[in-house]
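Below: one structure, written as structure tokens.
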Amino acid sequence: MIGQLTSGEEEQLRQTIEMFEVITESQPQDVQSLEILKEAYVKLSKEAEATRTSKRIAQAYMQLGQLSSAILEYETILQSHPEDPDVQKALQDIENKATSLNMRPGEMELPKPPPPPTQKPGEPRGSTPTILDDGRQSMYKIFVDSKFISAGDFDLCWVTPPLHAAPGKVIEPFLQVLNDKNIKTLDLSLKLLCERARLGYMPMDRYDVDVELARSFPRDTCQRWCVLPFDKMSKSVMIATANPFNQQAAKEIAEATKNRVIWYLASPADMIKTLKKIFR
């Protein structure tokens, strides 16, 4: 596999590995990032590292209560390494637990959590009848209902850009406006949002963004909602956002690609800086 890659592709994969090792170390249950990490190792023919990452994926599923998915991941490892003692022990532990509860392993699957807010439409807050869901209602619950900021500060900082006119520039998202008006710093807002949205955080200031990929998405969508397509791995496209509840942005991005979309939180300041360079 590695012999078929260009030097540029190899370097990009190595950068991806470096970045996602950091991310998954701090967020060990981020299965999506672990999958990307494993695929990068496979593309570089690093079998031992790919197997190690597969075990981490299975362990993450275990911690999330998704035992059937964990079993499938362990069984995939056994296809290549049938004598792996760690995998055999993990599967035996699952079987013993199932036996003690008088259940088959497949029956032990805990109820899966609801889809992330970016996948579940909701009714936007406000008195004006509209089908637009830009995440306002969900963000209001997180920032105001939790007493993080006042309702007045929320209304002061929330911006709803027009849908039917080209923005012409990157519209600063809610978190950035909060910071600019000295209401809450980006660090505090991002920390709260990471905890509530349960998405991985991507340090965009350290990532080598795929400029051509970003430019393949609609300029208006990227500027209006401050979303940044930054990399592609196999059939998945990775998108950075500072508002993971924005259904309208998710809809527009999904319509612009046939690939699976994986969302990450990122600092709006970093995204604005990068988007300005991409869409001059």
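The values are calculated or read from the model by the stated rules, or taken from the named source; none is laboratory data. The structure displayed is predicted, hence computed values, not measured ones. In this analysis, Cβ positions are derived from the backbone assuming ideal geometry, glycine residues included, and neighbour counts consider all displayed protein chains. Heavy atoms of the whole protein, side chains included, go into the accessibility calculation; ligands, DNA and RNA do not. Shrake-Rupley method; radii C 1.70, N 1.55, O 1.52, S 1.80 Å.
Rolling a 1.4 Å probe over the protein chains gives residue 170 an accessible area of about 20 Å². Shown are 199, 37, whose ranking by accessible area with a 1.4 Å probe and every protein chain present, most to least, is 199, 37.
Could you report the chain's accessible area per residue, 1.4 Å probe, as an integer in Å²?
53
Remark: the range 10-22, residue by residue, has Karplus-estimated 3J(HN,Hα) of 4, 5, 5, 5, 5, 5, 4, 4, 4, 5, 7, 5, 5 Hz, where x stands for each Gly or Pro and the curve is 6.51 cos²θ - 1.76 cosθ + 1.60 at θ = phi - 60°.
Only beta bridges with both residues in the chain are counted; by DSSP, about 40 percent of them are antiparallel. Of the residues 34, 228, 132, the one that moves most in a GNM of the chain with alpha-carbon contacts below 10 Å is 132. For the listed residue pairs 46/89; 147/184; 141/191; 43/232; 191/276, the alpha carbons are over 18 angstrom apart in 46/89; 191/276.
Loop-only trypsin sites (Lys or Arg not before Pro) in the range 176-253, please: DSSP not H, G, I, E or B, and at most 13 other Cβ atoms within 10 Å.
On the way: sites: 181, 184, 191, 196, 198, 206, 215, 219, 224, 232, 235, 251; in loops: 181, 184, 198, 235.
Sites meeting the loop and neighbour criteria: 181, 235.
Give the carbon-plus-sulfur fraction of the accessible surface of the range 162-226 in %, rounded to a whole number; probe 1.4 Å, heavy atoms of protein chains only. Walk me through the numbers on the way to the answer.
On the way: 1640 of 3500 Å².
After summing per-atom areas, the C and S share lands at 47 percent.
The residues 62, 271, sorted by heavy-atom accessible surface at 1.4 Å with ligands and nucleic acids left out, run 62, 271 from largest to smallest.
Mean sequence separation of contacting Cα pairs (under 8 Å, at least six apart), scaled by the length of the chain, corresponds to a relative contact order of 15 percent.
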